[in-house]
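Below is one structure, written out as structure tokens, with a few remarks after it.
The values are calculated or read from the model by the stated rules, or taken from the named source; none is laboratory data. Quick caveat, the model's predicted, so the values are computed rather than measured. Every residue, glycine as well, gets a Cβ built from its backbone with ideal geometry; the counts of neighbours run over all protein chains shown.
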């Protein structure tokens with residue numbers, strides 16, 4: 001679909017953002033580079049979760065932030081928003097990675113932008129049908145993937161790209177421990193089969209208890225209200241190690257994460273939030289691929305120790321990889337086959353904590 005686009009520096013671009021909290025945080029370096037290059041008055045964002053809307057509005061990177069949650073709001077709301085977007089007369093639309101689902105593609109096409117750009121996906125041909133330019137995917141971290149897209153869109157390399165960041169000011173709630181503590185998120189998003197990313201709650205209870213007995217550090221459990229029962233199960237397995245803190249917002253959760261010694265959890269949005277506020281992470285990866293969605297910089301070392309510790313069962317590679325984007329295969333044996341050898345895991349975790 002050849003098309004000579006208007007220079008984006010003289011148009012108005014709408015960015016279609018992926019649906020997850022972690023996806024947005026991983027994209028913050030690309031979004032900052034784009035806003036710096038074009039100017040705030042030429043950039044808007046379509047957010048697909050209310051939490052992303054709050055962060056995007058606080059970032060100061062966009063002139064407008066539009067919201068539609070396809071998981072909880074009907075198509076009527078979607079089409080109403082679409083009519084509003086068409087009235088804005090966008091010259092460009094840019095679909096970040098990963099936005100291969102048909103709902104994203106329909107919006108991308110019907111917004112009415114003169115030039116549409118995004119990625120070519122291995123298992124979804126629809127994006128390429130509606131885009132004037134489709135960038136091939138490379139085997140790299142999602143943060144770098146979106147920086148590549150922005151550079152190709154602008155026709156220039158980004159200067160001094162930054163690590164993913166949280167665009168709001170963390171707020172520390174009352175009740176956090178006065179002595180060193182760590183945080184744990186035993187959950188993850190559950191939509192579209194993503195609950196398979198979760199390590200069993202009893203595994204977290206075991207690891208929390210061992211950290212407490214070895215170091216004396218208490219644990220603060222974090223997560224959304226929908227995960228309250230899960231946190232109750234984890235806490236029941238290690239009650240003496242848990243300190244309860246009431247967090248009423250994402251900025252308060254960010255404050256607790258920022259004040260902690262390290263983060264322990266699954267591949268989740270809160271893992272990326274911990275990384276974005278400068279926290280070092282211990283993260284379980286089962287079916288998902290840390291090369292794509294690991295805490296940014298997990299490949300780096302600090303004083304000879306990994307910046308972030310990735311927990312993966314030996315001999316169990318990920319199945320939701322770059323090659324399966326758009327068609328994550330169902331797990332034949334459920335998530336149990338990725339469960340960790342806890343004694344081996346504790347040895348790795350204990351060594352990493354000691355190096356802190």
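Might you let me know whether the stretch 297-307 holds any residue that is in a helix (DSSP H, G or I), under 20 Å from residue 164 (Cα atoms) and modelled with pLDDT of 95 or more? Looking through the stretch 297-307, none of the residues is in a helix (DSSP H, G or I), under 20 Å from residue 164 (Cα atoms) and modelled with pLDDT of 95 or more.
Quick check: anything in the stretch 236-250 buried (at least 18 other Cβ atoms within 10 Å of the Cβ) and either under 23 Å from the mean Cα position of the chain (by Cα) or under 24 Å from residue 57 (Cα atoms) (or both)? Checking the stretch 236-250: at least one residue is buried (at least 18 other Cβ atoms within 10 Å of the Cβ) and either under 23 Å from the mean Cα position of the chain (by Cα) or under 24 Å from residue 57 (Cα atoms) (or both).
For residue 77, the stated conditions do not hold, so it cannot be described as crowded, with 23+ Cβ neighbours inside 10 Å and farther than 24 Å from residue 115 by Cβ.
Here residue 194 clears all of (1) under 20 Å from residue 339 (Cβ atoms); (2) surrounded by 17 or more Cβ atoms within 10 Å (Cβ to Cβ); (3) touching a residue at least 40 places away in the same chain (Cβ under 8 Å) except the condition numbered (3). Do you know which residues across the stretch 114-129 are buried (at least 19 other Cβ atoms within 10 Å of the Cβ) and part of a helix (DSSP H, G or I)? Once the filter is applied, which keeps residues that are buried (at least 19 other Cβ atoms within 10 Å of the Cβ) and part of a helix (DSSP H, G or I), the stretch 114-129 yields only 127. When you check residue 18 against the structure, is it outside any strand (DSSP E or B), outside the structural domain of residue 296 (by TED's automatic domain parsing), surrounded by fewer than 21 Cβ atoms within 10 Å (Cβ to Cβ) and modelled with pLDDT under 90, yes or no? No. The set of residues in the stretch 179-191 that are farther than 18 Å from residue 341 by Cα, assigned to a loop (DSSP other than H, G, I, E, B) and in contact (Cβ under 8 Å) with a residue 60 or more places away in the chain comprises 180, 187, 188, 189.
Only one entry in 355, 274 is in contact with a helix residue (DSSP H, G or I) (Cβ under 8 Å, 6 or more places away or on another chain), closer than 19 Å to residue 181 by Cβ and touching a residue at least 40 places away in the same chain (Cβ under 8 Å), namely 274. Tell me, please, whether a residue that is more than 19 Å from residue 23 (Cβ to Cβ) and out of contact with any helix residue (DSSP H, G or I) (no Cβ under 9 Å at 6 or more places or on another chain) can be found in the stretch 287-294. Checked the stretch 287-294: no residue is more than 19 Å from residue 23 (Cβ to Cβ) and out of contact with any helix residue (DSSP H, G or I) (no Cβ under 9 Å at 6 or more places or on another chain). Against the list (1) crowded, with 19+ Cβ neighbours inside 10 Å; (2) at pLDDT below 95, the condition residue 275 fails is (2). Residues in the stretch 290-299 that are closer than 14 Å to residue 319 by Cβ and crowded, with 22+ Cβ neighbours inside 10 Å: 292, 293.
Looking only at the stretch 227-244, which residues are in contact (Cβ under 8 Å) with a residue 12 or more places away in the chain and out of contact with any strand residue (DSSP E or B) (no Cβ under 7 Å at 6 or more places or on another chain)? Steps first, answer last, please.
Taking the stretch 227-244 and keeping what is in contact (Cβ under 8 Å) with a residue 12 or more places away in the chain, we get 227, 230-231, 233-238, 240-244.
Matches in the stretch 227-244: 227, 230, 233, 236, 237, 238, 240, 244.
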